[in-house]
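The values are calculated or read from the model by the stated rules, or taken from the named source; none is laboratory data. In this text, all values refer to a predicted model and were calculated from it rather than measured experimentally. Ideal geometry is used to build each Cβ from the backbone, glycine not excepted, and the neighbour counts take in all protein chains shown. Each accessible area value is taken on the protein alone, full model and side chains, heavy atoms only, with ligands, DNA and RNA left out. Shrake-Rupley method; radii C 1.70, N 1.55, O 1.52, S 1.80 Å.
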Amino acid sequence: MYWNKKIETLKSGDLERLQTKRLKWSLNQALNIEFYRNLFREAGVSPDDIATLDDVTKLPFTHKADLRGGYPFGFCAVPMREVVRIHTTSGTTGKPTVVCYTRQDLGNWSELIARNMVMAGIGEDDIFQNSVNYGLFTGGLGFHYGAEEIGMTVIPSATGNTKRQIEMIEDFGVTVIHCTPSYALYLAEAAEEMGASLDTLKTGLFGAEPWSENMRRELESRLGVRAFDSYGLSEMYGPGVAFECPEHDGLHIWHDSYLVEIIDPKTGERLECGERGELVITPLVKEAMPIIRYRTGDITMLMEDGCACGRGQKIARITGRTDDMMVIRGINVFPSQIEHALLSLPGVGEQFMVYIDRIRHLDEMMIVVEIDRDVFSGELQDLARLQSEVAGAIRDALGIRTSVKLAEPGTLPRFEGKARRVVDRRGDL
Ligand code: DLL
């Protein structure tokens, strides 16, 4: 099913023409921002030098630090009178990034979310519980208005009060839920404890943080849903940049609205299809904040075209961020790889924490993971075996030695929004 079939299935020639036209428009729009006027002048380029899509490589990148430097409205390309909404990033490190939207931007954004949902087979007969943070986080209002655009019944439940969330799913006959994968797990656990069946649920839309294929299987079986991966970032409206189709083999970029490249994060060189690197995005229709060649920090790769659903360009599931990649004894590790390895072991739960210390100049990793109740209260020798199985699975998957602590179910922190499972104590005294 399509929300906008013509655009979603645009083929190479027509697509390239549309993207090039919109790229030029975006560059001219960016000239309303002093930062870009200076940047382009210093780089000796102007929008007139861009004749083909490949010419985009002549333009410099925009970094997160640039956006922070422009706090609050330095990257707004329209007069404030035309700005009808503001969101911000969470700003856990330093000042948040402010994102402005014109009325047209909000309309574009709702359309992209509507495309996501219709692609996942959702329609106006569905009842939608939006269990993400409302407010400055883009996941809440973004999905809310996209769902209303389709005409679904929307329950703006936000996060928190998990028992009430479960009652609402049951009482209102909710068919579609949207939340972070971490919160979905927590909901599944709480529903199991309450003996709630959640049998009206059929679709789960999960995103805003990395999650693994094993986590998909876990969520699908425990919540009884088909799970779809949803990718986006505040700087590009929010969710609605890329989303999975029912083939579940990569996420389709909304190619009329975003031009994507993959680069080597160290050299900035462009990488080929199939090579993993950092995702760089240039929005093609954003009025209020046309950011050029934005370094997302997210690690993924472009996939071959030719999906059975008929839509175009795809990226692979995001494995992590350049800045949440841990380098442990010289080996690059992403939390999503740890999650994938742990979930492949029977008896091991989904909740874990990773602690990294530097002991006598050497990096040491410790994983604390919850295990199933029956294993926890079982024989000591079974616990010891499981402990070494966990260490073995991590060694096989990552090539790293780790110490392992097995924890009682329900004792590790739960997360309502994005999970924070890694505690890197190497900088601490
Ligand atoms: O997380 C927007 C969003 C809301 C996406 C709801 C999907 C669903 P930010 O808070 O600005 O925006 O965080 C953006 O989150 O650069 C990625 O590192 C990460 N991220 C988002 N979606 C995924 C995903 C929202 N599906 C940052 N897989 C991005 C992996 C994701 N990481």
- Does segment 370-377 contain at least one residue that is closer than 15 Å to residue 186 by Cα, within 16 Å of the ligand (Cβ to nearest atom) and open to solvent by less than 30 Å² (accessible area, probe 1.4 Å)? no
- Query: Taking residue 159, is it surrounded by fewer than 24 Cβ atoms within 10 Å (Cβ to Cβ), of a type in the set (S, T, N, Q), more than 15 Å from the ligand (Cβ to nearest atom) and touching a residue at least 24 places away in the same chain (Cβ under 8 Å)?
  - Reply: no
- Item | Among residues of segment 15-31, those that are surrounded by fewer than 19 Cβ atoms within 10 Å (Cβ to Cβ) and within 14 Å of residue 313 (Cα to Cα), counted | 2
- Item | Checking residue 197 against (1) of a type in the set (Gly, Ala, Ser); (2) within 16 Å of the ligand (Cβ to nearest atom); (3) not in a helix (DSSP H, G or I), the condition it does not meet | (2)
- For segment 202-224, enumerate the residues that are more than 9 Å from the ligand (Cβ to nearest atom) and part of a strand (DSSP E or B). 203, 204
- Subset of segment 33-57, residues under 21 Å from residue 263 (Cβ atoms), within 28 Å of the chain's Cα centre (by Cα) and not acidic (Asp, Glu), comes to 35, 36, 53, 56, 57
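Any idea which residue in segment 354-369 is nearest to residue 217 (Cα to Cα), counting only those that are open to solvent by less than 10 Å² (accessible area, probe 1.4 Å) and in contact (Cβ under 8 Å) with a residue 60 or more places away in the chain?
Initial filter on segment 354-369 (open to solvent by less than 10 Å² (accessible area, probe 1.4 Å)): 354, 356, 365, 367, 369.
After this cut, where a residue has to be in contact (Cβ under 8 Å) with a residue 60 or more places away in the chain as well, the list is 354, 356.
On the way: 354: 22, 356: 28 Å.
Ranking the candidates gives 354 first.
Show me the strands (runs of 3 or more DSSP E) found entirely inside segment 55-148 where at least 2 residues are at pLDDT 95 or above, in the same structural domain as residue 418 (by TED's automatic domain parsing) and more than 14 Å from the ligand (Cβ to nearest atom).
none
Taking segment 225-264 only, how many residues are assigned to a strand (DSSP E or B), among the small types (Gly, Ala, Ser) and under 19 Å from residue 133 (Cα atoms)?
Of the residues in segment 225-264, the ones assigned to a strand (DSSP E or B) are 226-233, 238-244, 251-253, 258-263.
Those left that are additionally among the small types (Gly, Ala, Ser): 227, 230, 232, 238, 240, 242.
Next, from what is left, pick out any that are under 19 Å from residue 133 (Cα atoms): 230, 232, 238, 240.
The qualifying residues number 4.
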- Within segment 208-250, residues being under 18 Å from residue 260 (Cα atoms) and of a type in the set (S, T, N, Q) number 2
- Counting just the residues of segment 162-182 that are in a helix (DSSP H, G or I) and within 20 Å of residue 123 (Cβ to Cβ), which one comes out least open to solvent (accessible area, probe 1.4 Å)? 169
